[in-house]
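Trainee: Just passing along the structure, written as structure tokens.
The values are calculated or read from the model by the stated rules, or taken from the named source; none is laboratory data. The structure presented is a predicted model; accordingly, all values stated were derived computationally and were not measured. FYI the Cβ positions are ideal-geometry reconstructions off the backbone, even for glycines, and counts take in every protein chain you see.
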Amino acid sequence: MAVSIEEQGYRETTVADVVRIAHTSRRSFYEHFEDRAACFLALFEEVNEETMAQIAAAVAPDDPWEQQVDRALDAYLDSVTARPALYQSFVRELPGLGKAGSDSGLAVIERFARLLVELVESGRREQPEVVTEALTIDMAVIIVGGLRELVVFSLRRRRDLRETREGIGEAVKAILGAAVLGR
């Protein structure tokens with residue numbers, strides 16, 4: 001599915017394309033997925049899980065908090081910029097999948113927010129003198145949602161995400177500085 005989307009987009013991708021690229025049969029496809037949309041949603045979930053794992057691996061809780069933010073943002077943006085056609089497809093097509101697409105999108109935002117809360121908490125355990133407050137899930141959703149919307153906006157405008165990196169870093173550091181560092 002990912003290869004076909006990157007080559008021709010989701011709308012043009014058929015089950016026949018997926019099974020041809022995967023060197024499998026339609027029968028095998030339908031043993032795993034109800035339909036093309038279910039395969040797309042599974043891909044969306046898998047790609048986001050990989051991105052979250054990359055972010056978690058990039059952050060060391062004993063590093064200075066600014067460096068932790070930089071590494072997390074770099075991991076996220078590296079993931080998106082490595083597969084821009086795939087992410088653009090997620091942005092464009094997920095809303096068209098109805099309740100399943102909406103539910104999946106919200107679940108991913110919540111998982112990203114929970115990851116951010118966990119990363120701040122691990123920093124707080126390692127550096128209690130620096131990170132003095134817990135990050136609330138609401139504040140994490142604001143950060144994650146704002147970052148997601150900027151990425152959506154930038155992808156739709158065909159803007160290079162690396163151009164946004166400095167501003168994103170400043171905004172996230174300002175929010176975290178006020179929320180968990182008591183600044």
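Trainee: Considering only residues of segment 127-159 that are surrounded by 15 or more Cβ atoms within 10 Å (Cβ to Cβ) and in a loop (DSSP other than H, G, I, E, B), which is modelled with the lowest pLDDT?
Mentor: Checked segment 127-159; the qualifying residue modelled with the lowest pLDDT is 131.
Trainee: Name the residue, out of 76, 30, that is out of contact with any strand residue (DSSP E or B) (no Cβ under 9 Å at 6 or more places or on another chain), surrounded by 15 or more Cβ atoms within 10 Å (Cβ to Cβ) and not basic (Lys, Arg).
Mentor: One residue alone meets the criteria, 76.
Trainee: Could you run through segment 122-152 and say how many residues are closer than 17 Å to residue 173 by Cβ, out of contact with any Phe, Trp or Tyr (no Cβ under 6 Å at 6 or more places or on another chain), free of Cβ contacts under 8 Å to residues at least 60 places away in the same chain and aliphatic (A, V, I, L, M)?
Mentor: The number of residues fulfilling the criteria is 6.
Trainee: Could you grab me the full set of residues in segment 31-80 that are over 24 Å from residue 2 (Cα atoms) and assigned to a loop (DSSP other than H, G, I, E, B)?
Mentor: Selection gives 59, 60, 61, 62, 63, 64.
Trainee: What about residue 167, is it in a helix (DSSP H, G or I), under 24 Å from residue 40 (Cα atoms), at pLDDT 90 or above and not aromatic (Phe, Trp, Tyr)?
Mentor: No; evaluated as a whole, the condition is false for this residue.
Trainee: Still on this structure, please answer the following. Go through (1) surrounded by 14 or more Cβ atoms within 10 Å (Cβ to Cβ); (2) out of contact with any Phe, Trp or Tyr (no Cβ under 9 Å at 6 or more places or on another chain) for residue 94 and report which single condition fails.
Mentor: (2) is the only condition that residue 94 fails.
Trainee: What is the residue count in segment 33-64 for residues that are hydrophobic (A, V, I, L, M, F, W, C), without any contact (Cβ under 8 Å) to a residue 12 or more places away in the chain and loosely packed, with under 14 Cβ neighbours inside 10 Å?
Mentor: 2
Trainee: Filter segment 1-27 for residues that are part of a helix (DSSP H, G or I), touching a residue at least 60 places away in the same chain (Cβ under 8 Å) and surrounded by fewer than 12 Cβ atoms within 10 Å (Cβ to Cβ) and give the result.
Mentor: None; the set is empty.
A quick yes/no check of all residues on (1) in a helix (DSSP H, G or I); (2) among the polar types (S, T, N, Q); (3) more than 21 Å from residue 5 (Cβ to Cβ):
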site: 99; (1), (2), (3): yes, no, yes
site: 102; (1), (2), (3): yes, yes, no
site: 119; (1), (2), (3): yes, no, yes
site: 122; (1), (2), (3): yes, yes, yes
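Trainee: Return the total of residues in segment 65-76 being without any contact (Cβ under 8 Å) to a residue 60 or more places away in the chain and not polar (S, T, N, Q).
Mentor: Here the count works out to 3.
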